[in-house]
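So the structure is just underneath, and the comments pick up after that.
What follows draws every value from the coordinates through simple rules; no lab data is involved. Quantities reported herein were computed from a predicted structural model and do not represent experimental measurements. Neighbour counts run over all protein chains shown; Cβ positions are idealised from the backbone, glycine included.
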């Protein structure tokens, strides 16, 4: 099974409770409002990154069972305006994340492992962001990645906007770790990523603020944002993550004032919220500013859920708990 049974049960429960679907806000003048991805080819949007060269454009990709493609989606219309084929890489296995670093370089993380340790290595692909939005083939650089403490599943790849250093957050039900890659990725040999800090969330994606001072991490039902100091992270508070069908992606707007949240599924909505502290600076969090990144991990759930959403969430968690019990009995 590709996804946790709790998510499938949750989807059924959402229908049963008939919780109203949140309508994305009206399009902003600069394209940083909410939108719906209308391309029928994009059914498993698993990563999201704001274009550095084209205002209002967001790059995304499918999860798996797709080729080496990324898609440029216009947030003002929800339509795909360019499909880029990556040349010089093998067939992707499980692409889970996309990030843009210094020099307008796009990094694509083929880092998923649904069996949590099956693959002896994973891959990162790097390509220049196209200056012209059209269907095209672009040569990409492929990097081999391993973790210092063994194989694992991950869905979050982030590139620091100032240093260009690449980081990965693994996906663990009880909380994962932030892994730091080499100062410069190498095409010769293997790039070893080392754990440097705990992350108190079952992480499905993450993003750096444009100024590099904040790290936002999301999960299925909540999120956390951290102060960033060269890899030493300090928890600042909770993110107001919208309740989505299968929340998989997060990105900052180019100006850092907004956070955009995406989900898998056909005609998937991308919802927008104000970024805490405007994406950086000295603003204080009203939801737990200053708590440590080594806290107990209980604060990852968004504080703004409707009554219906709370009922759905409680039912999903109940089913998930039963699933864990059954798995223990089988083992």
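Express the C-alpha Rg of the range 24-295 as a ratio against the empirical globular expectation 2.2 N^0.38 Å, rounded to two decimals. Walk me through the numbers on the way to the answer.
Working: Rg = 16.8 Å, N = 272, 2.2 N^0.38 = 18.5 Å.
Here the answer is 0.91, to two decimals.
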Quarter of Cα convex hull surface for the range 129-265, i.e. mean projection, nm²: 9.6 nm²
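Kirkwood hydrodynamic radius, the range 95-192, all distinct C-alpha pairs: what's the number in Å? If you can, show how the numbers build up before the last one.
Working: mean 1/r = 0.0717 Å⁻¹.
14.0 Å is the Kirkwood radius here.
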For the range 188-256, report the convex hull volume of the alpha-carbon atoms normalised per residue, in Å³, without decimals. 132 Å³
So the label point goes 7 Å from the Cα of residue 77 along Cα→C-beta, right? Which residues of the range 252-267 then have their backbone N under 19 Å from it? 267
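What are the semi-axes of the equivalent ellipsoid for the range 57-101, taken as the square roots of 5 times the Cα gyration tensor eigenvalues, largest first, in whole Å? Numbers along the way, then the final one.
Working: eigenvalues 78, 23, 21 Å².
Result for the range 57-101: semi-axes of 20, 11, 10 Å.
Output the peptides 124-136, 171-183 sorted from most to least packed, where packing is the average of other Cβ atoms within 10 Å over each peptide's residues. Walk me through the numbers on the way to the answer.
On the way: 124-136: 15.7, 171-183: 18.0.
Ranking the peptides 124-136, 171-183 by packing returns 171-183, 124-136.
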Cα centroid distance between the range 202-272 and the range 50-68, in Å? 16 Å
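Give me 249, 268 sorted ascending by neighbouring Cβ count inside 10 Å, so fewest comes first.
Numbers: 249 30, 268 24.
In increasing order of surrounding Cβ atoms, one gets 268, 249.
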